[in-house]
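**Q** Before I ask anything, let me first share the structure, which is written out below as structure tokens.
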């Protein structure tokens, strides 16, 4: 199906195509791939189709059945840095780029770790040190760390099933929901952040997933470095991974990047990113992200787990936590997650990285995500 536009692009089954064509729908900028040869991802394909998986309702399904029932667009499995399984659906190919949604946040989290290690900012700094305009609203006490951990005070409704919630209003700024735009709408992501005045808690009192915090973090990074996000991601991550394809990043009408959800890339390049995290920030002999940033992300004090357990996401990852824009099931198992079923699964115990692009009919279908997590875990321990 090719008849998609900004008004219907999120709807199923149109999203099976539109999620691969974001650059044709919205204002975007590109992260250019390194002109050198891409870093090696050896093909060592293995017959893993025989894996049987018990879904959330207790039914035994084959791998292909699980991939189809969870609306998969791409599924790639790395073991020991080698591609052992790779399958594409709905017209996708290895070179196709796909919307990542909130996997974008994990790139921003790793970039923040790199910049903090270089002394660009201290994670204890308030965001208003770099974006002082935010001092008169809900972000007045927000620190870089509380923004990275989703423990800031701002009141921001992120219920994807509610069509008029704050998340969709913010997304409308970059054109994702044109039906929500009128003459009084914010003209930029910064204008939207400035419109948020209410707080729902004290700083770090609880974990509340709020995409606006990653967009604010993008503004902090640009102000602190006096550079564009796309240039920083290229310099510090994308070029060093020696990716195969350019990445695409959605921006608002003044050029601010939608760092909460707007990045698009191919599955193989996300696999490189996941493998780098599995390798403690190391990629082909170069330390891209400091090891201590990775360690501090996956190993935390009890307060992180307690905040997460008491949140709406607590049942999704029992015993887990969220830090630096990464979902952590346990110190050996981490994930990057985006709505409509985008995932990178990183299992340190088995040396497996799995990338799954999807086009769920609904953005946060609990049953679909539960089966996706079962699928990822089952494959990561079976191959």
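**Q** Within segment 312-334, can you find the residues that are under 21 Å from residue 104 (Cβ atoms), assigned to a loop (DSSP other than H, G, I, E, B) and in contact with a strand residue (DSSP E or B) (Cβ under 9 Å, 6 or more places away or on another chain)?
**A** 313, 316, 317, 320, 325
**Q** Follow-up. Restricting to segment 260-273, give me the number of residues that are part of a strand (DSSP E or B) and under 15 Å from residue 174 (Cα atoms).
**A** So the count comes out to 3.
**Q** Can you give me the ranges of the strands (runs of 3 or more DSSP E) entirely in segment 39-86 with at least 1 residues that are at pLDDT 95 or above and touching a helix residue (DSSP H, G or I) at 6+ places or on another chain (Cβ under 6 Å)?
**A** 52-54, 72-79
**Q** Go through the residues of segment 274-292 one by one and say whether even a single one is modelled with pLDDT of 95 or more, under 15 Å from the mean Cα position of the chain (by Cα), assigned to a helix (DSSP H, G or I) and more than 29 Å from residue 190 (Cβ to Cβ).
**A** Yes, segment 274-292 contains a residue that is modelled with pLDDT of 95 or more, under 15 Å from the mean Cα position of the chain (by Cα), assigned to a helix (DSSP H, G or I) and more than 29 Å from residue 190 (Cβ to Cβ).
**Q** Moving to a separate point now. State all residues of segment 51-81 that are touching a residue at least 24 places away in the same chain (Cβ under 8 Å), farther than 15 Å from residue 370 by Cα, surrounded by fewer than 15 Cβ atoms within 10 Å (Cβ to Cβ) and touching a strand residue (DSSP E or B) at 6+ places or on another chain (Cβ under 8 Å); if no residue qualifies, say none.
**A** none
**Q** Turning to a different aspect of this structure: Would you be able to say whether some residue in segment 259-278 is touching a helix residue (DSSP H, G or I) at 6+ places or on another chain (Cβ under 7 Å) and surrounded by fewer than 21 Cβ atoms within 10 Å (Cβ to Cβ)?
**A** No: segment 259-278 contains no residue that is touching a helix residue (DSSP H, G or I) at 6+ places or on another chain (Cβ under 7 Å) and surrounded by fewer than 21 Cβ atoms within 10 Å (Cβ to Cβ).
**Q** Would you mind finding the one in 112, 138 that is assigned to a loop (DSSP other than H, G, I, E, B) and either in contact with a strand residue (DSSP E or B) (Cβ under 7 Å, 6 or more places away or on another chain) or under 17 Å from residue 211 (Cβ atoms) (or both)?
**A** On the way: 112 fails: assigned to a loop (DSSP other than H, G, I, E, B).
Going through 112, 138 in turn, the sole match is 138.
**Q** For segment 152-258, please list each of the helices (runs of 4 or more DSSP H) lying entirely inside it that holds at least 3 residues being in contact with a helix residue (DSSP H, G or I) (Cβ under 9 Å, 6 or more places away or on another chain) and more than 30 Å from residue 40 (Cα to Cα).
**A** In segment 152-258, the matching helices (runs of 4 or more DSSP H) lie at 166-172, 189-195, 212-225.
**Q** For segment 299-326, give me each residue that is crowded, with 16+ Cβ neighbours inside 10 Å, out of contact with any helix residue (DSSP H, G or I) (no Cβ under 8 Å at 6 or more places or on another chain) and without any contact (Cβ under 8 Å) to a residue 40 or more places away in the chain.
**A** Here is the first cut: in segment 299-326, the residues crowded, with 16+ Cβ neighbours inside 10 Å are 300, 304-305, 307-309, 311, 313-314, 316-317, 320-326.
Within this subset, residues satisfying the condition of being out of contact with any helix residue (DSSP H, G or I) (no Cβ under 8 Å at 6 or more places or on another chain) are 300, 304-305, 307-309, 311, 313.
The answer is 300, 305, 309.
**Q** Hey, can you tell me all the residues within segment 24-40 that are closer than 23 Å to residue 76 by Cα and surrounded by fewer than 18 Cβ atoms within 10 Å (Cβ to Cβ)?
**A** 32, 34, 37, 38, 40
**Q** Identify, by number, the condition in (1) in contact with a helix residue (DSSP H, G or I) (Cβ under 8 Å, 6 or more places away or on another chain); (2) surrounded by 18 or more Cβ atoms within 10 Å (Cβ to Cβ); (3) over 24 Å from residue 114 (Cβ atoms) that residue 365 doesn't meet.
**A** (1)
**Q** Looking at 4, 19, which one is within 22 Å of the chain's Cα centre (by Cα) and under 26 Å from residue 372 (Cβ atoms)?
**A** On the way: 4 fails: within 22 Å of the chain's Cα centre (by Cα).
On inspection, the qualifying residue turns out to be 19.
**Q** Pick from segment 1-19 the residues that are in contact with a strand residue (DSSP E or B) (Cβ under 9 Å, 6 or more places away or on another chain) and over 15 Å from residue 262 (Cβ atoms): which of them is surrounded by the fewest Cβ atoms within 10 Å (Cβ to Cβ)?
**A** Going residue by residue through segment 1-19, those that are in contact with a strand residue (DSSP E or B) (Cβ under 9 Å, 6 or more places away or on another chain) are 15-16, 18-19.
With over 15 Å from residue 262 (Cβ atoms) added as a condition, the list becomes 15-16.
On the way: 15: 24, 16: 19.
Within segment 1-19, the match that is surrounded by the fewest Cβ atoms within 10 Å (Cβ to Cβ) is 16.
**Q** Does residue 210 satisfy the criteria of being in contact (Cβ under 8 Å) with a residue 24 or more places away in the chain, touching a strand residue (DSSP E or B) at 6+ places or on another chain (Cβ under 9 Å), buried (at least 22 other Cβ atoms within 10 Å of the Cβ) and farther than 17 Å from residue 33 by Cβ?
**A** Answer is yes for this residue.
The values are calculated or read from the model by the stated rules, or taken from the named source; none is laboratory data. Remember, it's a predicted structure, so these values are computed and weren't measured experimentally. Here the Cβ is made from the backbone with ideal geometry for all residues, glycine too, and neighbour counts use every protein chain on show.
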